[in-house]
Amino acid sequence: MLKGYFIQYKFIIPENTKHSSYTYQKLFRALYGYMQNVTKSNGRTYHYHRKGILSEIPYIRPGKNCVIIPPKSFAQLDTFFKTGKNPTHYWRTKGNWKAVFYMDEKDLDDSQVILAVKEQIARLFQNNYEEVPVPDIRMLSEKATLGEQLSAEKVKLAVCEAEKVVSGPWFKDIYSRDPELKKFYESYKALKA
């Protein structure tokens, strides 16, 4: 059994701010990140994941306004709750809001953690090679095995992102129990070599 911190949080904002206001949206975007669709003048649409505090770590969302994260990742979330510092929005000051939270340690099933790590990988990598900033490392590894010429910049970027996953919390404890995660790790090692 792996351990995780269950965190139930609440954002407190001034009473005159409506729940439908952009402030709420910005807070949740800062926490979880969001997908941005950009349509270029040539008609093509590109999808970008704009990172939030939790984008680069595995997490489980058991309900509304709560999350389960690896214990080692709590400091990032705590800093956000105290300062508002996040990768999504550059706020010069925290703003007129605060967060309160309750925390408890939980035992997690392997299947929950495996799913959380797979979702983390899906947030960080995209399947298309040509048009995305960080192509899927498994796809890059397959192309390299077939002898295809790969962009050194894209390989370096994918390996760097994969490094965050394989060195991050929960991965080493769980990857050997799932074929997809094993393949991800093997692809990472092959491209890193």
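Structural remarks
- So residue 157, is it farther than 29 Å from residue 5 by Cα and of a type outside the set (Gly, Ala, Ser): yes
- Screening the candidates 54, 2 for the property of being more than 19 Å from residue 125 (Cα to Cα) and among the hydrophobic types (A, V, I, L, M, F, W, C) yields one hit, 2.
- Residue in the stretch 62-74 that is exposed (fewer than 11 other Cβ atoms within 10 Å of the Cβ) and in a loop (DSSP other than H, G, I, E, B) present: yes
Matching residues to (1) closer than 25 Å to residue 110 by Cα; (2) more than 18 Å from the chain's Cα centre (by Cα):
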| site | (1), (2) |
| --- | --- |
| 39 | no, yes |
| 57 | yes, no |
| 60 | yes, no |
| 73 | yes, no |
| 82 | no, yes |
| 86 | no, no |
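- Just one of the listed residues (154, 143) is more than 20 Å from the chain's Cα centre (by Cα), at pLDDT below 85 and basic (Lys, Arg), and it is 143.
- Residue under evaluation residue 26, criteria (1) within 24 Å of residue 168 (Cβ to Cβ); (2) of a type outside the set (Val, Ile, Thr); (3) buried (at least 17 other Cβ atoms within 10 Å of the Cβ), criterion not met: (1)
- Residue in the stretch 80-90 that is touching a strand residue (DSSP E or B) at 6+ places or on another chain (Cβ under 6 Å) and not assigned by TED's automatic domain parsing to the domain that holds residue 163 present: yes
- Hits in the stretch 53-87 (condition: out of contact with any helix residue (DSSP H, G or I) (no Cβ under 7 Å at 6 or more places or on another chain) and of a type in the set (Asp, Glu)): 78
The values are calculated or read from the model by the stated rules, or taken from the named source; none is laboratory data. These figures come from a predicted structure and were not determined experimentally. Note: ideal-geometry Cβ built from the backbone for every residue, glycine included; neighbour counts use all protein chains shown.
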